[in-house]
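Okay, structure first, notes after.
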Amino acid sequence: MTDQSQPSTTRRGFIKTGLATGGAIAVGGAAQGATPDPLITEIQPWAQGLGDGVDAVPYGLPIEYESDIVRRNVPWLTADVISSINFTPIHGLDGTITPQGCAFERHHSGAIELRKEDYRLMINGLVDTPLVFTYEDLERFPRENHVYFLECAANTGMEWAGAQLNGAQFTHGMIHNMEYSGVPLRLLLEEAGIQPEGKWIYVEGADASSNGRSIPLEKAMDDVLVAFKANGEALRKEHGYPVRLCVPGWEGNMWIKWLRRIEVTDQAIESREETSKYTDTLADGISRKWTWVMDAKSVVTSPSPQSPIKHGPGPLVITGLAWSGRGPIDHVDVSIDGGKNWQTARLAQPGQPMAISRFYLDIDWDGSEMLLQSRAVDATGYVQPTKTQLRDVRGLNSIYHNNCIQTWWVKPNGEAENVEVS
Amino acid sequence: MSKCRNLWISTALAATLVAGPAMAEKLGLGRPALPEEIAAWNVDVAPDGTGLPVGSGSVEDGEMLFSENCAVCHGEFAEGVDNWPKLAGGDGTLDHEDPLKTVGSYWPHLSTVFDYVHRSMPFGGAQTLSPDETYAIVAYILFSNYIVEDDFVLSNENFLDVTMPNADGFIVDDRDETELPLFTQPACMSDCKDSVEITMRAAVLDVTPDVIGEDEVQAAAEISAAAEAQETAPIAMPDPKLVAAGEKVFRQCASCHQIGDGAKHRVGPVLTGVVGRKVGQAQGFKYSPSVEKAAQDGMIWDHDTLDAYLESPRSVIPKGRMSFQGLRSADDREAVIAYLRTFN
C-alpha cells in the first residue's frame, strides 16, 4: 500500500500550468504572512470571558458553524416530503460512523412516534407458538453489537442516465453506517419455534406504509439483527424508534423501521416494495427481482463538488468511503486521471464485513486539473465497475443498485464537478 | 402434525441453518399471541391468494370509491397527478427508454395491489377501506388498465383468474451468473486506457438544489419576527412582511392550489377569498363528501379553523381528500393565513 505518492508521470505535462494557476489562488490560510496574526497577538473574547455552563444544552447539537453539514432533500425527486428521501452529508463527515442526526431518512408514510410502552412485536405464521414481545422482553435476550452500513438501493440511481447531481451528498448520500445494539433475530424465531414448512419471513413496520418485505429464512437465521440502539443511544424517531431490523449487506428498504411483525411463511409475499419497487428492469424489458445484496462501491467524499480544495497546490488529503454487501473491503484504488492509472489508497482501519471503510490518499497536488475516481475491491475479489460496464449488462433503464465508479472533475481553482468520462 | 413433532423438526432445521453451537434453550420470554391479535395484524396477501379476505366489489362501485379516496393523487383515471404514481398505462414500454411502470404494465401479481391498497392506502388514511371497498377499487384499477370490462366484479372467488400482463416479466437476481464473472477480473493499475474525455457534466444539467444560503436563514427569521409582531399587535390588514413570508410558505400549497387572478382549480380548489368564507364554496370544484358535510354543518374558514386545518387537515375534516401533512410551525401557518387574507 502507498501512504504517499507523487503525481503520476502522465500529469507532468500539466505541472507548469498547474503551478501558475495554483499560485494565483494560494489563499489566506495561516501563518506565512509578514504581519502578525491578530488571532494570536490580540486577546480574543473566547480566551477572556466564559463559555456555557454544563446545563446549557442537555442534549447537544453540532456547533452553529457546522450548520451546513445537514441532511438535504432533492425536492423534485418525489411528490411530497412524507414518502420521500433525503441525503447524508457525506462530503462533510470523516471517520466511518454516521451520526444519527444527519443520517439520511427514507420514509414511506412519514416518521412516526411510537412509545416503547406502546411497542409490540408479533411473531406469527409457520411457528409452533405465535408470540408477542414487549420492548422490555426484547431487552432480556442476549445482545450483540455490530457496525453495519445501510445503503438505499436507489443510492446513485439518479446518475444512471448520466452525471446529474453536483455533490457527493446527492449522488452517494443515501447511506449511513452505525453501530447497532440488539438481539439476533434467530433467537426470537427460535423462541417461537420455526415449523419445517417455513422458508421465508415477512417483516413489516408499524407505520401506515408497513413497508413489508420478504427475507429468506436462511438470511434471517444468519446475521439479521433486531436493533434498538444505534451509536450507543436509542434509535432516533426517523431511524425506527424504538426497534428496527438490520439486514447486513442487503438493500436498505429491507431494514424495517418500527418493526412490529415477523411472519414465517412458505413463500415470498411479493409486496409492493419487492415487485413494483426495488426491482431492476433490463434492456429487454425483463426485470430482476430479489436483488438484495449491495455490490461493492466507493466514492471520494473530498475533494468533491461540495468540498472543494481551498488551499491551492501542495499537500492534499483525498478521502472517501467504500463498502460491500458481500463482506469486508479489501482495498481501494484511486485515480486522478480519469481511470488511466490507479494507486492504492490507505484504509484507516482494516475492512469489516458489511461496514463502511474510510480511505485516504495523501498526495502533493500540483494544482492541475484532476479527474478523480475511486474503485473499491472487496474480499471476494469483486472490483467496482465503471458505469459503462454496468450499462453493458443492465441497459439504460435501471434505477437501483448503481455502484459505478464516480468521477469528480477537480479544476485548477480547486472546485469540483460531477462528470462522466469516456 | 402435533406441536411436539413440529418442535422437534424445527430444532433439526434450525441446527442445519445455523453454523456452530446447537440451538439455544428457549428463554420463555414473550407471551402467546391471541387469535384476535393475529387476525388484526396478519393481513398480508400472498401471490397464491393466501390471506385474501372474503368479499367482492365491482368496477362500478370502484369508480366512485377511487374518485373519493384515490383520485386526488392518482387522477380520476388512475393517470397520476403531478409526481404521484400513475396506476394505469405504460403498456409495452418496459423495453423502451423511460418505461412507464404501472399496475397494468409492470406489477406481476394482483395480490400486491389488494395487499397494498387494503393495508396502506389511502395515503394518510391507511386501513380505512373495508375488504369489499378494496375489491372494488382494485377492480377499477384493473378496468383503468383495460384488463377487465366495466361490468366486472372482483371477489376472493375469482381473484386468481385475473392474469396480470407482466406476470412473466421477472427473473430472480442473476448477478452471480451475469455480473460476478465480469467484475471479479483483476483490476488494471496503469495505462488502462489511451485517452479520457469528459462526456457529460452535471453543472450543465443544473438540477442540484442550491446550498443553504443566508437567504433562507434570513427568511425564516423574518417569518418568525413578523408573526410575533402580528400576534402582539393585531391589525386590520396583515403585516406586509408576514404576507411576504406567507407567499413563500404557500409554495408548499401551490402544487395543488392556485390563488388570485386567473387561478384555476387543480387537485385542490382555487383559494381566492377563502378566509372567513363558509367551507366548500369554490365554484365548480367537486368537493369530497366530508367537505360537503362540513359545509352543511356550517363550518367557516375563520382564523382558528384555518389554523387547525393547516396544522392537521384530517383532524378538522376527517376523511377529507387533502393529503397534506400539515404545517407544523405556528409561524408558518400565521404567515400563510395572512397571505390568503390578501386575496379577500
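The values are calculated or read from the model by the stated rules, or taken from the named source; none is laboratory data. Being a predicted model, the structure only gives us computed values, none of them experimental. In this analysis, Cβ positions are derived from the backbone assuming ideal geometry, glycine residues included, and neighbour counts consider all displayed protein chains.
Yes/no matrix, rows are residues, columns are (1) over 20 Å from A:Val203 (Cβ atoms); (2) surrounded by fewer than 21 Cβ atoms within 10 Å (Cβ to Cβ); (3) of a type outside the set (S, T, N, Q):
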{"position": "B:Val43", "(1), (2), (3)": "no, yes, yes"}
{"position": "B:Val54", "(1), (2), (3)": "yes, yes, yes"}
{"position": "B:Val59", "(1), (2), (3)": "yes, no, yes"}
{"position": "B:Glu76", "(1), (2), (3)": "yes, yes, yes"}
{"position": "B:Gly125", "(1), (2), (3)": "yes, yes, yes"}
I'd like to verify a number: residues in region A:269-281 that are farther than 20 Å from B:Val113 by Cβ and crowded, with 24+ Cβ neighbours inside 10 Å, how many?
0
Just need a number here: residues in region A:347-373 that are of a type outside the set (Ser, Thr, Tyr), part of a strand (DSSP E or B) and under 21 Å from A:Val410 (Cα atoms).
11
What number of residues within region A:394-422 satisfy the criterion of being assigned to a helix (DSSP H, G or I) and either under 15 Å from A:Gly320 (Cα atoms) or free of Cβ contacts under 8 Å to residues at least 60 places away in the same chain (or both)?
0
Here the residues within region A:155-185 that are part of a helix (DSSP H, G or I) and either facing another protein chain (nearest Cβ under 9 Å) or more than 30 Å from B:Pro99 (Cβ to Cβ) (or both) are A:Met158, A:Glu159, A:Phe170, A:Thr171, A:Leu185
Positions within region B:291-310 being closer than 13 Å to B:Glu334 by Cβ and crowded, with 17+ Cβ neighbours inside 10 Å, in sequence order
B:Leu306, B:Leu310
Out of B:Ala139, B:Ala219, report the one residue that is of a type in the set (Gly, Ala, Ser) and either crowded, with 19+ Cβ neighbours inside 10 Å or at pLDDT 95 or above (or both).
B:Ala139
Outside any strand (DSSP E or B), out of contact with any helix residue (DSSP H, G or I) (no Cβ under 6 Å at 6 or more places or on another chain) and either more than 9 Å from every other protein chain (Cβ to nearest Cβ) or among the small types (Gly, Ala, Ser) (or both) - does that describe any residue in region A:313-321?
no
Could you give every pair whose Cβ atoms fall below 7 Å, whose first residue belongs to region B:40-54 and is over 18 Å from A:Val132 (Cα atoms) and more than 8 Å from chain A (Cβ to nearest Cβ), and whose second residue is in a loop (DSSP other than H, G, I, E, B) and acidic (Asp, Glu), counting only separations of at least 6 or pairs across chains?
B:Gly51/B:Asp44
Taking B:Trp107 as meeting all but one of (1) facing chain A (nearest Cβ under 8 Å); (2) surrounded by fewer than 23 Cβ atoms within 10 Å (Cβ to Cβ); (3) modelled with pLDDT of 95 or more, write down the number of the exception.
(2)
A:Ala79: passes all of (1) in contact (Cβ under 8 Å) with a residue 60 or more places away in the chain; (2) under 30 Å from A:Glu417 (Cβ atoms); (3) assigned to a loop (DSSP other than H, G, I, E, B) but (1)
Mind listing just one residue for me: the one in region A:186-234 that is more than 10 Å from every other protein chain (Cβ to nearest Cβ) and at positive phi and, of those, surrounded by the fewest Cβ atoms within 10 Å (Cβ to Cβ)?
A:Gly232
Name the strands (runs of 3 or more DSSP E) wholly inside region B:118-218 in which the number of residues that are hydroxyl-bearing (Ser, Thr, Tyr) and touching a Phe, Trp or Tyr at 6+ places or on another chain (Cβ under 9 Å) is 1 or more.
B:153-155
Does B:Asp210 qualify as being surrounded by 15 or more Cβ atoms within 10 Å (Cβ to Cβ), within 13 Å of chain A (Cβ to nearest Cβ), farther than 30 Å from A:Asn341 by Cα and without any contact (Cβ under 8 Å) to a residue 12 or more places away in the chain?
no
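One line per residue, one yes/no per condition, for (1) of a type in the set (Phe, Trp, Tyr); (2) crowded, with 21+ Cβ neighbours inside 10 Å; (3) over 17 Å from the mean Cα position of the chain (by Cα); (4) within 30 Å of B:Val103 (Cα to Cα):
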{"site": "A:Ala283", "(1), (2), (3), (4)": "no, no, yes, yes"}
{"site": "A:Asp295", "(1), (2), (3), (4)": "no, yes, no, yes"}
{"site": "A:His311", "(1), (2), (3), (4)": "no, no, yes, no"}
{"site": "A:Ile336", "(1), (2), (3), (4)": "no, yes, yes, no"}
{"site": "A:Gln352", "(1), (2), (3), (4)": "no, no, no, no"}
Looking at B:Ser67, B:Ser2, which is the one that is at pLDDT 90 or above and of a type outside the set (Asp, Glu)?
B:Ser67
Which residues, taken from region A:74-90, are away from every other protein chain (no Cβ under 11 Å) and not hydroxyl-bearing (Ser, Thr, Tyr)?
A:Ile85, A:Ile90
